[in-house]
1. Does residue 18 meet the test of being among the hydrophobic types (A, V, I, L, M, F, W, C) and more than 16 Å from the chain's Cα centre (by Cα)?
2. Of the residues in the range 40-65, how many are of a type in the set (Phe, Trp, Tyr) and not in a helix (DSSP H, G or I)?
3. If you scan the range 22-39, which residues turn out to be open to solvent by less than 60 Å² (accessible area, probe 1.4 Å) and not in a loop (DSSP other than H, G, I, E, B)?
4. Testing residue 2 on (1) in contact with a strand residue (DSSP E or B) (Cβ under 8 Å, 6 or more places away or on another chain); (2) loosely packed, with under 12 Cβ neighbours inside 10 Å, one condition comes back false. Which one is that?
5. Please state which one of 18, 54, 45 is without any contact (Cβ under 8 Å) to a residue 40 or more places away in the chain and surrounded by 17 or more Cβ atoms within 10 Å (Cβ to Cβ).
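The values are calculated or read from the model by the stated rules, or taken from the named source; none is laboratory data. Computed from a predicted structure; not experimentally measured. Cβ placement follows ideal geometry from the backbone for every residue including glycine, while neighbour counts extend to all protein chains displayed. To get the accessible areas, we keep the full protein, side chains included, count just its heavy atoms, and leave off ligands, DNA and RNA. Shrake-Rupley method; radii C 1.70, N 1.55, O 1.52, S 1.80 Å.
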Amino acid sequence: MEYKNYCIVSGIFFCLVALAHAVRVVYEVAVYVEGYSVPMFFSWAAIVVPLLLASWAFRVARGGD
């Protein structure tokens, strides 16, 4: 796979991860790990960080490091 294609696929994946967490925030879906409730602020962070990574991946794929 070409480096550019890899960056595009990675960017799309990161966007999907951010979308999944955004859906969790909007619909207030409770997530439990070993019986403990995961606070909603983790999903807020899990929206921002993947979007930053996606924008970085798309920028690199476009040719602008």
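1. Criteria not met by residue 18.
2. Residues in the range 40-65 being of a type in the set (Phe, Trp, Tyr) and not in a helix (DSSP H, G or I): 0 in total.
3. Correct list: 22, 24, 25.
4. (1) is the only condition that residue 2 fails.
5. Just one listed residue meets the conditions, 18.
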